[in-house]
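Below is one structure, written out as structure tokens; comments come after it.
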Amino acid sequence: QVQLVESGGGLVQPGGSLRLSCAASDIIFRISPVGWYRQAPGKQRELVATISGGSSPNYVDSVKGRFTISRDNAKKTMYLQMNSLKPEDTAVYYCNLVPRGRNSWGQGTQVTVSS
């Protein structure tokens, strides 16, 4: 099991920015594809951004051009820079392996976009 701790969420106005961080406990993080998932109230959890071990990113269309995923393998840390935030980005954000397999979820970090 790779333990993951998310941080950096908060309340932000539409159009604002936040940077999420994900700290991992295991060396496998350095070579595994990882990603950011989110779950909005009443909706299923969705994968919004992934980054390979070689740092190639992919995004779901709804966040493309606004979110940037990155990783620092030496620090076993992943980031999600979120710009031009919209109310529909409101969700609990989680990081995890991609595919997650049987790895457990962390506690997530709440992002609320509201005026």
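Across the chain, how many lysine pairs, 8 or more apart or on two chains, come within less than 25 Å at their alpha-carbon atoms?
Details: K43/K64; K43/K86; K64/K76; K64/K86.
For the chain, qualifying lysine pairs total 4.
Assign one of three labels to region 70-115, namely rounded, prolate or oblate, based on the Cα gyration tensor with a ≥ b ≥ c the square roots of its eigenvalues; rounded applies when a/c is under 1.5, prolate when it is not and a/b is larger than b/c, and oblate otherwise.
Values: a/c = 2.71, a/b = 1.55, b/c = 1.75.
Because a/c hits 1.5 or more and a/b fails to exceed b/c, region 70-115 counts as oblate.
Could you give the accessible area per residue of the chain, probe 1.4 Å, as a whole number in Å²?
Computed with neighbouring chains in place, this is 52 Å² per residue.
Can you tell me the relative contact order of region 43-115? Whole percent, Cα pairs under 8 Å, sequence separation 6 or more.
Reported relative contact order: 21 percent.
Distance between Cα centroids, region 1-16 to region 59-111: provide it in whole Å.
8
Treat every Asp and Glu Cβ in the chain as -1 and every Lys and Arg Cβ as +1, leave all other atoms uncharged, and give the resulting dipole magnitude about the Cα centre to the nearest 20 debye.
With only Lys, Arg, Asp and Glu charged at Cβ, the dipole is about 140 debye.
At 1.4 Å probe size, with the rest of the protein present, what percent of the exposed accessible area of region 2-115 is carbon and sulfur atoms?
The computed percentage sits at 50.
In region 1-43, what trypsin sites (Lys or Arg not before Pro) fall in a loop by DSSP, with at most 15 other Cβ atoms inside 10 Å?
For trypsin sites (Lys or Arg not before Pro) across region 1-43 that sit outside H, G, I, E and B with at most 15 neighbouring Cβ atoms in 10 Å, the list reads K43.
The values are calculated or read from the model by the stated rules, or taken from the named source; none is laboratory data. Bear in mind that the values here come from a model prediction, so they are computed numbers and not experimental data. We place every Cβ from the backbone using ideal geometry, glycine too, and count neighbours over all the protein chains shown. Only protein heavy atoms, including side chains, enter the accessible area calculation; ligands, DNA and RNA are left aside. Shrake-Rupley method; radii C 1.70, N 1.55, O 1.52, S 1.80 Å.
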